[in-house]
Amino acid sequence: MRQIPVDTSAATVMVAKAPQPKIKDRRTGELAVDAETGAALMTVDVMFAANDEVEILSVTIPKPGLSDDLAMGTPVALTGLIARPWENEFNGQKRHGIAYRAVALTSLGVGATQHKAA
């Protein structure tokens, strides 16, 4: 499957919706896992602002690649972001879109590099 690397160096990226488990099968509630590592997959909605345009992207990330402090509005960095075009047919209707996946999503918030006081 074709994968397109996404350059995030000139973009502002912020959490739009906190991480949620990625559902593999909505009928059964089965959760998605990474095929290679077996790690649970999470979906995070991010605000991606670049070139005077803003979009909300849903990005799939393995759970070990997520920072702990990802509240709405947190500035973040996406590591290894790729876009993967997809197309399928269901009940005679063709659907298509772009799926986004990253290796990691790291908080750039003020407290991200500081230890919290006990």
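Can you pull out every residue in the stretch 1-50 that is under 14 Å from the mean Cα position of the chain (by Cα) and either part of a loop (DSSP other than H, G, I, E, B) or among the acidic types (D, E) (or both)?
V6, T8, K22, A32, D34, D45
Please specify each residue of the stretch 27-51 satisfying the condition of being surrounded by 12 or more Cβ atoms within 10 Å (Cβ to Cβ) and of a type in the set (A, V, I, L, M).
Our first condition is that a residue be surrounded by 12 or more Cβ atoms within 10 Å (Cβ to Cβ); within the stretch 27-51, this holds for 31-34, 39-50.
Result: L31, A32, V33, A39, A40, L41, M42, V44, V46, M47, A49, A50.
Could you check, for the stretch 89-99, whether at least one of its residues is closer than 19 Å to S9 by Cα, small (G, A, S) and surrounded by 11 or more Cβ atoms within 10 Å (Cβ to Cβ)?
First, the residues of the stretch 89-99 that are closer than 19 Å to S9 by Cα: none.
No - not one qualifying residue is present in the stretch 89-99.
Please state which one of L57, L70 is surrounded by 14 or more Cβ atoms within 10 Å (Cβ to Cβ) and modelled with pLDDT of 95 or more.
Numbers: L70 fails: modelled with pLDDT of 95 or more.
On inspection, the qualifying residue turns out to be L57.
Do you know which of the residues in the stretch 1-26 that are of a type in the set (K, R) and either at pLDDT 90 or above or surrounded by 10 or more Cβ atoms within 10 Å (Cβ to Cβ) (or both) is farthest from I98 (Cα to Cα)?
Initially, the stretch 1-26 is screened for residues of a type in the set (K, R), giving 2, 17, 22, 24, 26.
Adding the requirement that they be either at pLDDT 90 or above or surrounded by 10 or more Cβ atoms within 10 Å (Cβ to Cβ) (or both) leaves 17, 22, 24.
Values: K17: 19, K22: 16, K24: 17 Å.
Selected residue: K17.
For residues that are within 22 Å of D7 (Cβ to Cβ) and in a strand (DSSP E or B), tally how many sit in the stretch 56-105.
The qualifying residues number 25.
Using beta carbons and a limit of 8 Å, which pairs, at least six apart or on different chains, have the first residue in the stretch 27-43 and farther than 14 Å from T60 by Cβ and the second one part of a strand (DSSP E or B) and at pLDDT below 95?
G29/I23; E30/I23; E30/K24
The values are calculated or read from the model by the stated rules, or taken from the named source; none is laboratory data. Quantities reported herein were computed from a predicted structural model and do not represent experimental measurements. Cβ sites come from the backbone with ideal geometry, for glycine too, and all protein chains shown count toward neighbours.
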